Each structure stands twice: as structure tokens, then as C-alpha cells.
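A short worksheet on the structure shown next.
Every read-out reported here was derived from the displayed coordinates using simple, explicitly stated rules and does not represent laboratory data. All values derive from a computational prediction rather than experimental measurement. So basically every Cβ, Gly included, is an ideal-geometry build from the backbone, and we count neighbours across all protein chains shown.
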Amino acid sequence: MHTKVIEEVDQDRRKFLAAASLGVAVASTGALLPSHLLAATAGDSVTPFHVHFSDEALKDLHRRVVATRWPDSETVKDHSQGVQLSTIKKLADYWGKDYDWRKIEKKLNSYPQFTTKIDGLDIHFIHVKSKHENAMPIIVTHGWPGSIIEQLKIIEPLTDPTAHGGSAEDAFHVVIPSLPGYGFSGKPTEPGWNPPRIAKAWAALMQRLGYKDYVAQGGDWGNAVTELMAVQQPPGLLGIHTNMAATVPADIAKSLAAGSPAPAGLSDDEKRAYGQLDDFYKNGLGYAIEMNNRPQTLYGIVDSPIGLASWMLDHDIRSYDMIARVFDGNPEGLTKDDILDNVTLYWLTNTAISSARLYWDNAHFPSGGFFDPRDIKIPVAVSAFPDEIYQAPQSWAEKAYPQLIFYNRPPKGGHFAAWEQPMLLTADLRAAFKPLRKSI
């Protein structure tokens, strides 16, 4: 019986690797669409959006956090059984006593936000225009367990570079949409909202906003969407940047799926990447396999804020370790408020399951493995952060992207690059897209 269970889990893991390899109140606002874009949206309604949750919703959240029924502690002294009880209790203590959602709500409302219907679904997005002439439009996409909150720290450096160590020539107009089923975007009521479909919606959004030429950026699901935009080559897309590149060669992917040791002849960087992926596939895919197969079963994380928080924290081991250190009083990249801003957004918007369905849609309407090269023919830039699920080697990136125009290995940072290390990512985006600016 025990052997059979192991075999079934292994089959699920291999099936998942083959399919995906992986997997986060409308009101008037003073920040209206620029006049030159209003004409471009004739017939396509773009509505200003304002965030506000009731005091009753926040009180209910607090009540549930305080009333959490706790399990016994893990039987080991490390994180090998999952999110440790001491860590999640520290999170709950801060959430219940000190956290203030209204701060991030005010921050969100300081940016121009809108909704528009694309392919039958309401899409929410932040749209911040730079004051600088010839700014480059960029659409930036988050992943799971992320949200638009991930990207807030890069808005000012990208749109106002002269105030953040750059020049006017580094300026971007920034568009940050919420994925379908995430945040303030609509929740799909039919299957099929997979990354290729989202990629088409993003191209439609940029066209609706009047941008003839633009670039795209993403990590996690944001990378899948961004790379598929590059595959589709919509008019105006000049190039893309990824902080979680899909570069794993076919022979390496086959070896990983079999659970084999690293093949002979790999460079040091390739061995490190192989080890990171091997550990993730063997020890870190539990959340993704469940959402890939049975997302609707996750009722518990819709009913329990602490259940939701622990589910979201247990994404990848290096991110979890960093978050655990934050709640131990050692912030690095993220703060306690950063982490709870994101979890609270999922809770208040009730998007725990609607966001998880993206994994199911990707598996049942597949478009290739998550880390498989996609034969992209337009310019690609890569930032390979050291604590990402895997740090893509330059040798793999050069093979995966025939038009690789930029590659960098920042000194620190992990899966949530824009959130953890906004200035490092900003510097890479400025450098990466500089050669494409002459096309604007």
C-alpha cells in the first residue's frame, strides 16, 4: 500500500512536469486617462477604479485570525514538513494585533487604476504615465502567489527615473494588470483562461491604451504570459524581459522528470541550476500538483485566513526561508507588511480558488512545459536572480533565446524580484531595453 501511494505521487509529479512543470468598488478618481488615450478607447470602455473594503470585512478577517484552531507542531526541527508552526503563529500575531490594511489600500489608490472588458472578462490594471517624453510603454505581469502588490515598488523608479538614479531616457509608461481570477480582475466562469489566452488579452489591452510599440516583463505565471506574447508576436511588441526564464534544454528536462542525477559535462552554473530544479521537483511541487489537479477542493483556504497564508508562504523554499526570517525580525527585501498586504488582498477579494484555477486551465489547455523553451523569435532579456526556483545559466538562455539581448545575474534576490529587489530589477530593465528604444 505504501509503495502504491509513492508510485501514484510520482506519477502525479511526472504528469505535472510534462504539462506545466510548475506553477499568485468602482468609483471616480482624480487620475483619469490622459486625453490623447481617451480617443483611442472609443467603443472600448475603460473605467476608473477605486479600492475600498468595508470595516465589517476587516473585522471579520481579524476575528477569524484570532479564532484560528492550531494544529500540533511539526515533528522535525526544520521546514521539511512545511510551514513551521512558530513562523505562522508569528505571522498571525502580527496580523491580529499590528497590521493595518488601510495603508496599502491608500497606496493602491494613489495610482491610476482602471477596469476594461476584454474577451468577455473585466480586467483590472494600474496605468501610470511618465512625465518624460519618449517613455517606453511596458506591461508587467505578476504570478502566483503574487499580485499587483508585487510590482508597486518599481512604479516610481520606472516612471520617474530622474528621481531614482536614472536619466529621462530611462523612463517607462507602466501598465500592471491583475491576472484573470486574481485581485480585482473578473473571475472566469468558464474554463480556458490559460496563458496563451491571457497573452492575447494583454496585447488587446496595450492596443486599447493606444500604445503602438511596447515591451513586456514578467516572472512566474507572468513569465509564461509574457513569453507567449512573444510567441504570438502581436503588432507593436518589441521585446520581452523575464526574471524566471524558460530555458531548460530537452535532455535536462527529461533527466529531471526521471529523477536522475545531474548529467555529466555540465558547467558549474548548469550543475547549480540542475540541483535547484531537482530539489524543487522532488520536494516543492506539492502546492502546484494540487492546484493543477483539484483546485476546487481548496475550500479550507477560502474559509481560514491562516490556512490561506500558510498555503501562499509554502511556494518555494528560498522564498519561504526569507519570509520566516522576516517574521523572526530580520527583514530582507520584504517586510511583514509586504507579506500580509499580498495575503490580505487574496483574502478580501476571495480569490484563493479562482487564482488556483490558472494551474488547472494550464494543465487542461496546455501550451508547453513551464520551463521549456518556446522558440521565441523576438528580442529577449533575462535577469537570473540567485534565489529563484532555478537561476537560469547563460548557456541555457543563449540556446533558448536566439535573440538574447541582455543577460545578468544580480547579486541577490529571489522569486519575487520586483517586490524583493526593485532597484536591481529596475536597473536591469533600463539596461535591457535601451537598445529597443530607438524603435519607439
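Pop out the ³J(HN,Hα) list for region 310-316 in order, Karplus 6.51 cos²θ - 1.76 cosθ + 1.60 with θ = phi - 60°, rounded to Hz; leave Gly and Pro as x.
5, 4, 6, 5, 8, 8, 9
Working only with C-alpha atoms, what are the Rg and Dmax values of the chain, expressed in angstrom?
21.0, 67
Tell me, what does the Kirkwood hydrodynamic radius of region 362-440 come to in angstroms if you use every pair of distinct C-alpha atoms?
On the way: mean 1/r = 0.0722 Å⁻¹.
Mean inverse Cα-Cα distance, inverted, gives 13.8 Å.
Starting at 0 and stepping by 10 Å, how many percent of the alpha carbon pairs of region 298-440 end up in each bin?
With a bin width of 10 Å, the distribution comes to 10, 29, 34, 23, 4, 0.
Give me the base-10 log of I(q)/I(0) for region 283-377 at each q in 0.12, 0.19, 0.23, 0.25 Å⁻¹, Debye formula, one uniform scatterer per Cα, rounded to two decimals.
-0.47, -0.99, -1.19, -1.27
Of the DSSP beta bridges with both residues in the chain, give the percent that are antiparallel, rounding to the nearest 5. Before the final figure, lay out each step's value.
Details: 14 of 35 bridges.
So the antiparallel bridges amount to about 40 percent of the total.
About its Cα centre, what dipole magnitude does the chain give when the only charges are +1 on Lys and Arg Cβ and -1 on Asp and Glu Cβ, stated in debye to the nearest 20?
660 debye
When ranked by the protection proxy of mean other Cβ atoms within 10 Å per residue, highest first, what sequence do the peptides 376-388, 307-319 form?
Ranking, from highest mean packing down: 376-388, 307-319.
Between ILE440 and SER260, how many nm apart are label points set 7 Å from Cα along the C-beta direction?
4.7 nm
At a Förster distance of 45 Å, what's the computed FRET efficiency of SER73 paired with GLU133, Cβ-Cβ distance as r, to 0.05?
0.15
Got a sec? How would GLU290, GLU169, GLU133 order by Cβ neighbour count within 10 Å, fewest to most?
The fewest-first ordering by Cβ neighbours comes to GLU133, GLU169, GLU290.
Under 14 Å between C-alpha atoms is the cut-off here; go through region 72-221 and count lysine pairs that meet it, provided they're at least eight residues apart or on different chains.
For region 72-221, the number of qualifying lysine pairs is 4.
Just to confirm my numbers, what's the Cα centroid distance between region 293-315 and region 104-128 in Å?
That distance is 25 Å.
Report the full-extension gain for the segment ASN293 to THR189: residue separation times 0.36 nm, less the Cα-Cα distance, to one decimal in nm.
35.7 nm
Can you give me the C-alpha center-to-center distance between region 48-103 and region 359-437, rounded to a whole angstrom?
32 Å
Between ASN408 and ASN330, what is 0.36 nm times their sequence separation minus the Cα-Cα distance? Round to one decimal in nm.
Going from the current span to full extension adds 25.4 nm.
Can you give the FRET efficiency to the nearest 0.05 for LYS103 and ASP268, using r as the Cβ-Cβ distance and R₀ = 30 Å? Display every interim value, and only then the final one.
On the way: r = 44 Å, r/R0 = 1.46.
With R0 = 30 Å, the Cβ-Cβ based efficiency is 0.10.
Tally Lys and Arg at +1 and Asp and Glu at -1 over the other residues with C-beta under 14 Å from the C-beta of ALA246: what net charge comes out?
Once all neighbours under 14 Å are counted, the net charge is -4.
Per 0.36 nm of contour for each residue apart, how much would the distance between ASP251 and SER54 grow if the chain were fully extended, relative to their Cα-Cα spacing?
Fully extending the segment from ASP251 to SER54 adds 65.6 nm.
For a label point 7 Å from the Cα of ASP303 along Cα→C-beta, name the residues of region 64-90 whose backbone N is under 19 Å from it.
64-72
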